[in-house]
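Asks: Quick one: the structure is below, questions incoming.
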């Protein structure tokens, strides 16, 4: 695999731009990762509104909590029609229980059902869910076959490279998944033991792509638009999934689309960043109880790339806020000097009128 840290326009033009999950076309092939506590309907709609994202997913939902009664209301599975195509992700370790949950999810309107075989959280693996299934591949395969038999919609799988470095079994897991009727696989190429430490070894994504004939999507350590396209080139993957990188920079999907069009990637101004944070907070306030809305903005600001001097002060101010009003004031106060200086600069440009060079461009 090439490890060049640059990519040419010619290479970008040759990259795949879409893939199919059974009959569903995913275009663009840059998608949002399911993230527990993060990717609810509000966050997904924000990402889709900014542009460039081909598929979103609900947060991981425990199959045991998805029963026919949950058809009426299950916050983790709430969505709006504008979010489709939509993946709903469930976890579990009992084939019958997960198959029943899959039927409910299909009735709820999911376009794709994803089985989580990658979550490294001890709370999840302790119950035999998530990446714990990598310790029992025959059981994982039985579970996937049960889900495949239970629903008409496509089934996908998200997995890690293995439980630890001594048990790297993602190739066998991928082959079993394909045999069980899974339509696409996303690999986060760290082990369960690594958590999010160390580096994501994308050569494993390349190896899985060679081993199976269904689409393979790579995930892990994608923090810039260039990263995504270089990973796509070097791994031969069909798509790229972005998780934490989208919390830090929600514009990353749009920036990738810009690069593909041969344009300079959009760079958000301080005003863009302030507006995004305030709008996100206001939608959270409309749709959630205040305590939850406040937690959501605290969570986003913890990962969001502010990129201005003193940004830690803003994080602390928001994290210590006891109401949405004080959090909003902290954001407005922090960005005010930057937004005002931006506005002053643009006013100055306008006051001079167009130059001869500008007139040519006009």
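Asks: How far, in degrees from 0 to 90, does helix 270-287 lean away from the longest principal axis of the Cα atoms of the chain, to the nearest 10?
Replies: 50
Asks: Could you state the number of Å between the C-alpha centres of the stretch 87-108 and the stretch 303-332?
Replies: A separation of 38 Å, based on Cα centres.
Asks: Moving on to the next point. Please give the contour-minus-distance gain from residue 84 to residue 167: 0.36 nm per residue of separation, less the Cα-Cα distance, rounded to one decimal in nm.
Replies: Working it through step by step, the gained length comes to 26.2 nm.
Asks: On C-alpha positions alone, give me the angle between the axis of helix 170-179 and the longest principal axis of the chain, in degrees, nearest 10.
Replies: Approximately 70 degrees, to the nearest ten.
Asks: For the chain, take the longest principal axis of its alpha carbons; what is the angle in degrees between that and the long axis of helix 137-150, to the nearest 10 within 0 to 90?
Replies: The angle comes out at about 80 degrees.
Asks: Using helices alone, I'd like the mean residue ellipticity at 222 nm for the chain: each DSSP H run of four-plus residues gives -39500 (n - 2.57), total over residue count, nearest 500.
Replies: Computed mean residue ellipticity for the chain: -14000 deg cm²/dmol.
Asks: Rounded to the nearest 0.05, what FRET efficiency do residue 290 and residue 244 have when you use their Cβ-Cβ distance and R0 = 30 Å?
Replies: That pair, residue 290 with residue 244, gives E of 0.70.
Asks: Pull out the extension gain between residue 203 and residue 332, defined as 0.36 nm times the separation in residues minus the alpha carbon to alpha carbon distance; nm, one decimal.
Replies: Extra length from residue 203 to residue 332 when fully extended: 42.1 nm.
Asks: Taking every Cα atom in the stretch 9-260, find the radius of gyration and the maximum pairwise distance Dmax, and write them in Å.
Replies: Just the Cα atoms of the stretch 9-260 yield Rg and Dmax of 16.6, 53 Å.
Asks: So which residue, out of 106, 141, 290, gets the largest mean-square fluctuation from a GNM of the chain using Cα contacts under 10 Å as springs?
Replies: 290
Asks: Another question, if that's okay. Between residue 17 and residue 149, what is the FRET efficiency for a Förster distance of 35 Å, r being their Cβ-Cβ separation, to the nearest 0.05? Could the numbers behind the result be given before it?
Replies: Details: r = 33 Å, r/R0 = 0.94.
E(calc), rounded to 0.05, equals 0.60.
Asks: What per residue convex hull volume, in Å³, do the alpha-carbon atoms of the stretch 270-351 yield?
Replies: 86
Asks: Compute the length gained on full extension between residue 269 and residue 94: take 0.36 nm times their separation in residues and subtract their Cα-Cα distance, giving the result in nm to one decimal.
Replies: Between residue 269 and residue 94, full extension yields 58.2 nm more.
Asks: Please report the relative contact order for the chain, taking Cα pairs under 8 Å with a sequence separation of at least 6, and give it as a percent rounded to a whole number.
Replies: Rounded, it is 14 percent for the chain.
Asks: Say we join alpha carbon atoms closer than 10 Å with springs in a Gaussian network model of the chain; which of 232, 187, 97 then has the biggest fluctuation?
Replies: 97
Asks: The stretch 219-257 to the stretch 142-195: how many Å between their Cα centroids?
Replies: Their Cα centres are 21 Å away from one another.
Every read-out reported here was derived from the displayed coordinates using simple, explicitly stated rules and does not represent laboratory data. Model, not experiment: these values are computed from the prediction. As a convention, Cβ positions derive from the backbone with ideal geometry for all residues, glycine included, and neighbour counts pool all protein chains shown.
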